[in-house]
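Student: A single structure is presented below for examination.
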Amino acid sequence: MNLKLKKILYLPHPRGFCAGVDRAINIVELSLEKYGPPIFVRHEIVHNPWVIKDLESKGVIFIENLRDAPKGSRVIFSAHGIPKSVLIEAKAKEMPFIDATCPLVIKVHNEAKRLYRDGAHIFLIGHEGHPEVIGTMGQIPLDAITLIQDKQDVKKLKKINYKKVALITQTTLSVDDTKEIIDELKCIFPNIIQPPKEDICYATTNRQLAIKSIASKCDLIYVIGANNSSNSLRLVEVGKRSGCDETYLISDISEVNWKLVEKKQKIGLTAGASAPDILIQEFINELNQLYNVEIKKISVADENITFKIPRELSE
């Protein structure tokens with residue numbers, strides 16, 4: 001390769017870890033320090049293979065069902081949230097637990113419970129099978145909540161004579177797609193109750209704004225994140241829609257198509273909210289070894305949000 005070939009690398013900000021992910025990982029690491037391994041975590045603490053492998057090397061065991069851990073085992077619930085039934089099961093099995101659910105997901109849970117108590121039928125905009133959606137729907141009786149994945153789902157709705165209807169959303173959705181779905185719902189239910197503050201979290205919104213700020217400038221964008229990470233998948237969609245058809249998701253630099261990079265001059269790099277900064281740095285280091293790289297940083301928002309660690313770990 002021509003080592004003097006110039007590349008422009010666009011680095012939008014914010015990118016990578018959000019406050020909820022930071023908190024969840026800290027909860028696991030502090031639990032290891034305080035209680036020692038093994039620590040069982042129900043579902044991946046966050047959706048990133050690098051994080052999972054790192055924690056497994058320290059003595060964390062990831063499980064999908066509480067029955068996969070011995071009775072009485074210490075367990076942590078992932079950042080995505082859990083249905084009420086899991087909490088009941090953990091208590092029945094006498095498992096000491098710490099809930100690492102992101103506080104912004106808990107906010108949506110509380111909205112669902114409040115709206116249900118107020119007699120509303122709830123429409124949840126989200127992706128079927130995602131752990132956050134399972135957790136949110138598991139807060140109230142299933143006949144009180146309907147999952148809406150896209151505009152086609154809205155068109156299938158029959159205007160049942162609900163006394164009251166409301167909507168909530170998964171926190172990691174595409175801001176633009178969600179607005180379109182909400183507009184469709186409002187056509188059918190003009191008086192639908194919306195959240196007092198948007199459910200899509202600040203980190204998801206900011207990362208989507210950040211990739212939008214570079215998409216039209218780039219010939220190629222890589223989004224670092226896991227293929228089961230909702231917010232990372234949405235970043236790829238937003239990148240393509242905002243002007244860069246060649247926007248790709250990678251879990252680490254082993255998945256980079258360097259032959260494609262060779263052909264492109266203006267490259268964008270960002271990361272989903274559960275991707276650690278070390279993966280960004282690996283890409284930058286490799287690019288610097290191969291090319292003469294000019295880095296252009298673009299910031300669309302400052303993030304200074306932090307969430308408290310549970311008292312039992314902070315004492």
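Student: Between segment 195-237 and segment 88-119, how far is it from one alpha carbon centroid to the other, in angstrom?
Tutor: Here the two parts' Cα centres lie 27 Å apart.
Student: At a 10 angstrom cut-off on C-beta neighbours, averaged per residue, how do the peptides 264-275, 98-109 rank from highest to lowest?
Tutor: Ranked by mean Cβ neighbours within 10 Å, highest first: 264-275, 98-109.
Student: Highest first, please rank the peptides 114-124, 228-238, 20-30 by the mean number of other Cβ atoms sitting within 10 Å of their residues.
Tutor: 228-238, 20-30, 114-124
Student: Kirkwood hydrodynamic radius, computed over distinct alpha-carbon pairs, for segment 42-126: how many Å, to one decimal?
Tutor: In segment 42-126 this quantity evaluates to 14.4 Å.
Student: Jot down the per residue volume, in cubic angstrom and as a whole number, of the convex hull over the alpha-carbon atoms of the chain.
Tutor: Taking the convex hull of the Cα positions in the chain, it is 144 Å³ per residue.
Student: Let me ask you something else. Scan around His13 for amide H atoms under 5 Å from its own, H built in the peptide plane at 1.01 Å from N, and keep only partners 5 or more places away or cross-chain.
Tutor: Those qualifying (amide H under 5 Å, at least 5 residues apart or on another chain) are Ile298, Ser299, Val300.
Student: Magnitude of the Cβ-charge dipole of segment 103-200, K/R +1 and D/E -1, about the Cα centre, nearest 20 debye?
Tutor: 520 debye
Student: Related question: Skipping prolines and chain starts, which residues have an amide H placed within reach, meaning under 5 Å, of the one on Ile125, given they are 5 or more residues away or on another chain?
Tutor: Amide H neighbours of Ile125: Ile148, Ile168, Thr169, Gln170.
Student: Provide the descending list of Cα extents for segment 67-108 along its principal axes, expressed in whole angstroms.
Tutor: 30, 16, 15
Student: Right, next: Going by average Cβ neighbours within 10 Å, how do the peptides 63-76, 295-308 rank, with the highest at the top?
Tutor: The packing order, highest mean first, is 63-76, 295-308.
Student: Let me ask something else. Run down the lysines and flag those whose C-alpha is under 28 Å from the C-alpha of Lys93, throwing out any fewer than 8 positions away in its chain.
Tutor: Lys34, Lys53, Lys58, Lys71, Lys84, Lys107, Lys113, Lys308
Student: Report the convex hull volume per residue for segment 103-200, counting only C-alpha atoms, in Å³.
Tutor: That works out to 92 Å³ per residue.
Student: Once phi is turned into θ = phi - 60°, what whole-Hz ³J(HN,Hα) does the Karplus curve with 6.51, -1.76 and 1.60 give for every residue of segment 111-117, x standing for Gly and Pro?
Tutor: Calculated HN-Hα couplings, in order: 4, 4, 5, 5, 5, 5, 4 Hz.
Student: Could you bin all the Cα-Cα distances of segment 173-257 into 10 Å bins starting at 0 and give me the percent of pairs in each, rounded to whole numbers?
Tutor: Histogramming segment 173-257 at 10 Å steps yields 17, 41, 27, 12, 3, 0 percent.
Student: Treating only the Cβ of Lys, Arg, Asp and Glu as charged (+1, +1, -1, -1), what charge dipole size does segment 151-308 show about its Cα centre? Round to the nearest 20 debye.
Tutor: Computed about the Cα centre, the dipole is about 900 debye.
Coordinate-derived values only; no laboratory data. All values reported here derive from a predicted model rather than from experimental measurement. Counting neighbours? That spans all protein chains shown, and the Cβs are built from the backbone with ideal geometry, glycine included.
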